[in-house]
1. Once fully extended, how much extra length lies between residue 83 and residue 48, figured as 0.36 nm per residue of separation less the alpha-carbon to alpha-carbon distance?
2. Would you calculate the separation in nanometres between label points at residue 21 and residue 56, each defined as 7 Å from the Cα along the Cα-to-beta-carbon direction?
């Protein structure tokens, strides 16, 4: 029993050292995890900023394309109107030509 008492006697300093070791390991592990999360957060933040720039660029390009589309639509409508007028004029000229070639014999 005396041997058990000799082995079981710890000083406050021994207990503090035993308690400090896991705290240090936990603190190191938490620090490592925190640094890893900080790195990931920075990476995500950079990706979000890049995507934001791409979205702005796409919006600008969409606006430019929309303006170009409106211009082309206006030109298309004008060409359709001109084409209709030219078809009517061609039909009139063809009719006039036919009328002038008719010879009345009699």
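Here, each number is a calculation from the coordinates, and none is a lab measurement. Remember, predicted model here, so these are calculated numbers, not experimental data. As a convention, Cβ positions derive from the backbone with ideal geometry for all residues, glycine included, and neighbour counts pool all protein chains shown.
1. 7.5 nm is the gain from fully extending residue 83 to residue 48.
2. 5.5 nm
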